[in-house]
Amino acid sequence: MFAYLVRRLLLLLLVLFGVVTLVFFLIHLIPGDPVDIMLGDQALAADKDALRHALGLHRPLGNQYLSYLGDLCRGDLGLSIHSRRPVLTEIGERFPATVELMLGAMLVALLMALPLGIISALKPYGWLDGASMLISFLGISIPNFWLGPMLIILFSIQLGWLPVNERGGLEHLILPAITLGTAMAAMLSRMIRASLLEVLDEEYITNARAKGLPERLVIFKHALRNALIPVITIIGLQVGVLLSGAIITEAIFDWPGLGSLLLEGIYSRNYPLVQGCILVIATVYVLVNLLTDIAYAWADPRVRL
Amino acid sequence: MTASEPLLEIRDLKIRFQGEAGPLNILQGVDLKLLAGETVGLVGASGSGKSVTAQAILGLLKRPPLLEISGQILYEGSDLVTMSAGQLRQVRGRRIAYIFQEPMSALNPVFTVGEQIAEMVVLHEGLGRRSALNRAADLFAEVGLPDPRRRLNNYPHELSGGQRQRVMIAMALSCSPQILIADEPTTALDVTIQAQILRLLKRLQVERRMALLFITHDLRVMAEIADRLAVMQAGRIVEEAGIEALFHAPQHAYTRQLLTLIPGRGGGRVVP
């Protein structure tokens, strides 16, 4: 177990190195630089050069890359070009909002997917299964950038039940969490259905019935415990989808999270900020996958790390 | 209950399954009696309907493929075919227990074997968890599992094939049933282990005075364990007789054919 963790954490470092390198060079390929955007078209060439020197952007790219890596090794993500505040501070301010949104979305997804998936598997090809399939197809096909505004129009503007945007109490979280969680719910409910159907055909389920156990125990203890094992992996992988979905959802709801910070960074060519955001997102993704594998081993006694 | 009155009686059991090309007649009128304390062997080729008959007793057949079931399965005067789900659960595991062919697939991989036995005892006898686990450990000792206390915390995959089948037997015995149905319980095991499991089943059946319905395609196994044999072919019982009579004077052509299949016998006589 310990050796496994060490191996996985070393792998994490390798992945992060790859991500940092890729992002560093890709972002410099985007036309325009922060100085143009900060000073505008009318600025004098001399002023632009002065600012470039001040920000260290005049140096050769390889040189900038090496010094960025060096700072990174000391845990320094650099300063945001515009605000001149440490990138780590800016990310730290926004990160909790994204985590809140993701947890909310995941809760929405599970609350929708578990009942839908279980009901569908218990009465496959019945009308409830059909209805659940329809809901799932809609959930997967409807893009966040359409669902979000529609929810706002219906629940905030027409009905006036929920606030339009910005972070606040629980009522502020509901619409963004539904927007972000629906696609995941749709996917998960189909997964849970398929997995549970397969498990219900296993002989240990027949045996559980032969032992005289009530259906409640047969389904919720013996079947579901097995059926949810593969679902754990899917949930872990879906965190990546949630993170990228969060960028759009945060923009729609004006949610002050990592996604909207990243977008701001890209618009203003704020190199250190973009690199920092992506580095954090990649780290979260890799760590969640590590946690997923640990959870899998915990849920399935046949798997040892 | 007198010795002549059957403990379990199957009358004209007919079962139809939904097949790909239409309904299939799986059982075409099966009659079978099981007396208290006796061992009846149900023999036949695979697909002859042995397992379907056995699973029908406890209402374990799934719909689909189950399409239609008619006839009676009488246990203590009640018909198991028409019994309510709640009443049937009182019979399952408690009065009539079932041992599956493949213990690896019949045991739930994510629960310890101790838990899988204890949950049954808790449910049927209202014992606390601790006493139920103690019962499981005692049963493990009874079926000859080494180090029974430690076995409680093992998962199925941590045991050998023979050990797993002993766990299945312990599970079946856990609520002291009157009837034990064993569906090819030795088929998935090594030959040496097969003999051990057979002897164990026979010993337990005698000690606990249970009726045993033993299903197999292997007549040799029957010679060692059964009092009576019922031979099945294509959804019917074609011959039913005491073990001596059946081995020495088989009446039905199919039975004679099965007997010639026993290695080293070649159609001659065998001493059961």
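The values are calculated or read from the model by the stated rules, or taken from the named source; none is laboratory data. Note that the structure is a prediction, hence the values are computed from the model and not measured. Quick reminder, even Gly has a Cβ in these numbers, built from the backbone with ideal geometry, and neighbours come from all protein chains shown. Please note that ligands, DNA and RNA were not included when accessible areas were found on the heavy atoms of the full protein model with its side chains. Shrake-Rupley method; radii C 1.70, N 1.55, O 1.52, S 1.80 Å.
The table below lists the values:
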| item | result |
| --- | --- |
| Hits among lysines - C-alpha to C-alpha of B:Lys62 under 30 Å, sequence gap 8 or more where chains match | A:Lys123, A:Lys211, A:Lys221, B:Lys14, B:Lys33, B:Lys50 |
| Computed magnitude of the charge dipole of the stretch A:20-73 (debye, nearest 20; Cβ of K, R +1, Cβ of D, E -1) | 160 |
| Contact surface A-B: accessible area buried, both sides summed, square angstrom, 1.4 angstrom probe | 2300 |
| With DNA, RNA and ligands ignored, accessible area of A:Ser268 (1.4 Å probe; Å², nearest 10) | 20 |
| Sequence-separation-based contact order of chain A, relative, with Cα cut under 8 Å and 6+ spacing, percent | 26 |
| Net charge contributed by nearby residues that have their C-beta within less than 14 Å of A:Tyr68 (K/R +1, D/E -1) | 0 |
| Student exercise, chain B dipole from Lys, Arg, Asp, Glu Cβ charges, in Debye to nearest 20 | 340 |
| Residues along the stretch B:134-168 losing 20 Å² or more of accessible surface when the other protein chains are present rather than the chain by itself (probe 1.4 Å) | B:Tyr155, B:His157 |
| Point-charge dipole on Cβ atoms (K/R +1, D/E -1) for the stretch A:87-299, about Cα centre, debye to 20 | 500 |
| Residues losing 20 Å² or more accessible surface upon assembly, the stretch B:36-65, compared with the chain by itself, 1.4 Å | B:Leu60, B:Lys62 |
| Part-to-part distance (alpha-carbon centres) for the stretch A:216-235 and the stretch A:142-161, which is given in Å | 34 |
| FRET efficiency, 1/(1 + (r/R0)^6) with R0 35 Å, evaluated for A:Asp71 and A:Phe137 via beta carbons | 0.15 |
| Accessible area, probe 1.4 Å, largest first, for residues B:His124, B:His252, A:His53 | A:His53, B:His252, B:His124 |
| Solvent exposure of the protein assembly as shown as accessible area per residue, Å², 1.4 Å probe | 47 |
| Among B:Ile215, B:Ala188, B:Leu200 - extreme Cα towards positive end, dipole of the stretch B:116-272, charges at beta-carbon | B:Leu200 |
| Chain B, relative contact order in percent, only Cα pairs under 8 angstrom and at least six apart counted | 24 |
| Cα-based shape type of the stretch A:1-60, given that a ≥ b ≥ c are square roots of the gyration tensor eigenvalues and the cut on a/c is 1.5 | prolate |
| Among A:Leu66, A:Ile30, A:Leu44 the positive-end extreme of the charge dipole of the stretch A:20-73 (Cβ point charges) | A:Leu66 |
| The protein assembly as shown: antiparallel DSSP beta bridges as a percent of all, rounded to 5 | 60 |
| Delta accessible area of at least 30 Å² on complex formation, residues of the stretch B:105-128, 1.4 Å probe, chain isolated as reference | B:Ser105, B:Ala106, B:Asn108, B:Pro109, B:Val110, B:Phe111, B:Glu119, B:Met120, B:Leu123 |
| Efficiency of FRET between B:Ala249 and B:Thr187 - r from beta-carbon atoms, R0 25 angstrom, step 0.05 | 0.35 |
| Among B:Leu229, A:Leu55, A:Thr98 - extreme Cα towards positive end, dipole of the protein assembly as shown, charges at beta-carbon | B:Leu229 |
| FRET efficiency, B:Leu261 to B:Gln28 (Cβ-Cβ, R0 22 Å, nearest 0.05) | 0.40 |
| Accessible area of A:Glu203 in the full protein assembly, 1.4 Å probe (Å², nearest 10) | 50 |
| Accessible-area composition of the protein assembly as shown, carbon plus sulfur, in percent [1.4 Å probe] | 61 |
